[in-house]
1. Taking the Cβ-Cβ separation of A43 and F23 as r and a Förster radius of 30 Å, what is the calculated FRET efficiency to the nearest 0.05?
2. Return the FRET efficiency for the residue pair L130, V89: r is the Cβ-Cβ distance, R0 is 25 Å, and the value is rounded to the nearest 0.05.
3. Using a 10 Å cut-off on Cβ atoms, rank the peptides 90-98, 54-62 from the highest mean neighbour count down.
4. Could you give each residue of the range 82-91 its phi-based ³J(HN,Hα) in whole Hz, using Karplus coefficients 6.51, -1.76, 1.60 with θ = phi - 60°, and x for Gly or Pro?
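What follows draws every value from the coordinates through simple rules; no lab data is involved. Treat the numbers as computed from the prediction; the structure is a model and nothing was measured. We place every Cβ from the backbone using ideal geometry, glycine too, and count neighbours over all the protein chains shown.
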Amino acid sequence: MSRYEAREKADVSQPTVLASDYFQSYSVVGLLAVVGVVFVAVAFTAGRLLRPVVPTPEKLLTYECGVDPVGEGWAHTQVRYYVYAFLYVIFAVDSIFLFPWATVFAAPGYGATTLVEMFVFLGFLAVGLLYAWKKGVLEWT
């Protein structure tokens with residue numbers, strides 16, 4: 001048996017990948033996307049056609065939490081709210097770091113080192129919280 005015949009025999013046993021098989025998977029994804037877009041368009045169109053349209057002056061007023069709008073449209077916001085948001089983000093990140101720490105802490109050979117590292121990390125967070133408390137950031141009034 002020559003090399004050519006052996007190569008030809010080996011190629012017959014392996015399945016060939018056709019371009020139509022390759023693009024068939026993409027056509028399924030494309031069809032699903034089109035069905036999704038059509039579904040959303042039909043839902044919005046049905047909602048627009050079926051809803052009652054009765055505009056009144058009360059409906060055209062600006063509505064904010066059940067309170068009638070009084071004064072100008074611009075309001076000053078205290079910086080304190082941003083600080084609360086930053087503190088929340090800091091402690092959310094802290095909780096994200098606690099989960100991997102708990103999994104590594106359970107692994108053999110990492111107990112004491114991981115425990116010390118986590119207490120150093122929590123110490124930095126405690127110093128930051130103490131600083132915010134001393135500055136009066138955490139007082140609401």
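1. For A43 and F23, the calculated efficiency is 0.50.
2. Given R0 = 25 Å and the Cβ-Cβ separation, E is 0.90.
3. Numbers: 90-98: 11.4, 54-62: 7.4.
The peptides rank, most packed first, as 90-98, 54-62.
4. Calculated HN-Hα couplings, in order: 5, 5, 4, 5, 5, 5, 4, 4, 4, 6 Hz.
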